1. Can you pull out every residue in region 72-117 that is within 24 Å of Leu35 (Cα to Cα), of a type in the set (Val, Ile, Thr) and surrounded by 16 or more Cβ atoms within 10 Å (Cβ to Cβ)?
2. Restricted to region 238-253, and to residues that are open to solvent by 10 Å² or more (accessible area, probe 1.4 Å) and within 14 Å of the chain's Cα centre (by Cα), which residue is farthest from Arg19 (Cα to Cα)?
3. Working only within region 214-228, note down all residues that are aliphatic (A, V, I, L, M) and either part of a loop (DSSP other than H, G, I, E, B) or surrounded by fewer than 24 Cβ atoms within 10 Å (Cβ to Cβ) (or both).
4. Pick from region 183-200 the residues that are closer than 13 Å to Gly37 by Cα and assigned to a loop (DSSP other than H, G, I, E, B): which of them is nearest to the chain's Cα centre (by Cα)?
5. Do the conditions hold for Ile252, that is, is it under 18 Å from Glu45 (Cα atoms), touching a Phe, Trp or Tyr at 6+ places or on another chain (Cβ under 6 Å) and at pLDDT 75 or above?
6. So Ala30 clears everything in (1) buried (at least 17 other Cβ atoms within 10 Å of the Cβ); (2) modelled with pLDDT under 95; (3) part of a helix (DSSP H, G or I) except one condition, right? Which one?
7. If I filter region 230-237 for residues that are closer than 13 Å to Thr44 by Cα, assigned to a helix (DSSP H, G or I) and aliphatic (A, V, I, L, M), do I get at least one hit?
8. Among the candidates Ile66, Ile74, Ile82, which residue alone is touching a residue at least 24 places away in the same chain (Cβ under 8 Å) and of a type in the set (Val, Ile, Thr)?
Amino acid sequence: MNNLLNAIFSLDFLFTTLRVMTPILFAAMACMVFLKGGIDPIGTEGIMLLCSLGGVLGGYFSSSFIIGIIVAMIVGAISACIYVYATMKMGCDKILAGVALNMLASGLTVFIVYYVTGEKGSTQSLASPVVPSVNIPFIKGIPILGSVLSGHNLLTYLGLILIIVLFYIIYKTPLGLRIRSVGENALAAKSLGISITKYRYITAIIAGSLAGMGGAFMSMGYVSNFSREMIAGRGFIGMAAEGMGRGTPLGILLSSMLFGAADAISIRMQMLDIPARLIQAFPYIVTIFAISIYSYIATTQKSKRQS
């Protein structure tokens, strides 16, 4: 137990937290944008899974990790647009369409991997490029801070930058105002001449691209290949992080760090004599516990305001 506590209260633990929170942060940003535009984010898990494979294949055939990331973003944007088309134009139930997208991603990725590599589980036989880690010169030499903030994957830094960019776009630009107006009251927005369909698709492209970067990180940064069901619920954890963060960029950053810390703790728990299945379940247990507390507090505050 002392070894676990020493491992948790260390600079390496903070470094690991930032690393493992990256896909959760991208998923949470995607869910935030989806909800701002009035789109249910339940299909984020499936979108990220498709993008994680798309990134690997794009990188493999182009021999460029940049092309791989772009392909992952395109796959994410297309997947999200298909979901919007199914729900808006075809009249599909939002929840059922999201579940169908997740199930489609699970089966389709296995089929594509088998078609390309002849294997059913992973793309280890493909020499696909990985997204590099970056040492920041003016931060690397700073004691403590350099050990925590320098040396991360390029997508980790991009995710932190995009938090600021999203805040500006959503709250400081006409585009963000229209997206929020469509999400909050579509009929009122329509009465002002704002095209609901247009801004739903714009929302889907932005959110799908963010989910694409999260998927690309999993297969091109967290590990160096695609494996079956590798997203492992991070899309759903991103939904929880968005809820706990109350749909604000700063809030989802902090909640993503919380869930990232839980994931990092589960990694450190491997040094203890604890069943492996319990260790793997720890981040999801923390997610359920945190969301339960958040929901209780939110409900209590709402009851007090109404009374």
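1. If we filter region 72-117 for residues that are within 24 Å of Leu35 (Cα to Cα), which is where we start, we get 72-106.
Among the residues that remain, those that are also of a type in the set (Val, Ile, Thr) are: 74-75, 78, 82, 84, 87, 95, 99.
Matches in region 72-117: Ile74, Val75, Ile78, Ile82, Val84, Thr87.
2. Residues of region 238-253 that are open to solvent by 10 Å² or more (accessible area, probe 1.4 Å), as a first pass: 239-240, 242-244, 246, 248, 250-251, 253.
Subsequent filtering for residues that are within 14 Å of the chain's Cα centre (by Cα) retains 239-240, 242-243, 253.
Numbers: Met239: 19, Ala240: 19, Glu242: 19, Gly243: 21, Leu253: 13 Å.
That would be Gly243.
3. Restricting attention to region 214-228, the residues satisfying the condition of being aliphatic (A, V, I, L, M) are 216, 218, 220, 223.
Residue satisfying the conditions is Val223 alone.
4. So the residue we want is Asn185.
5. Values: under 18 Å from Glu45 (Cα atoms): yes; touching a Phe, Trp or Tyr at 6+ places or on another chain (Cβ under 6 Å): no; at pLDDT 75 or above: yes.
Criteria not met by Ile252.
6. With respect to (1) buried (at least 17 other Cβ atoms within 10 Å of the Cβ); (2) modelled with pLDDT under 95; (3) part of a helix (DSSP H, G or I), Ala30 is out only on (2).
7. Applying the first criterion (closer than 13 Å to Thr44 by Cα) to region 230-237 yields 231-237.
Filter once more, keeping what is assigned to a helix (DSSP H, G or I): 234-237.
When the remaining residues are screened for being aliphatic (A, V, I, L, M), the result is 237.
Within region 230-237, one or more residues are closer than 13 Å to Thr44 by Cα, assigned to a helix (DSSP H, G or I) and aliphatic (A, V, I, L, M).
8. Working: Ile66 fails: touching a residue at least 24 places away in the same chain (Cβ under 8 Å); Ile82 fails: touching a residue at least 24 places away in the same chain (Cβ under 8 Å).
Result of the check over Ile66, Ile74, Ile82: Ile74.
The values are calculated or read from the model by the stated rules, or taken from the named source; none is laboratory data. All figures in this text were calculated on a predicted structure; none of them were measured in a lab. Glycine gets a Cβ as well: all are built from the backbone with ideal geometry, and neighbour counts include every protein chain shown. To get the accessible areas, we keep the full protein, side chains included, count just its heavy atoms, and leave off ligands, DNA and RNA. Shrake-Rupley method; radii C 1.70, N 1.55, O 1.52, S 1.80 Å.
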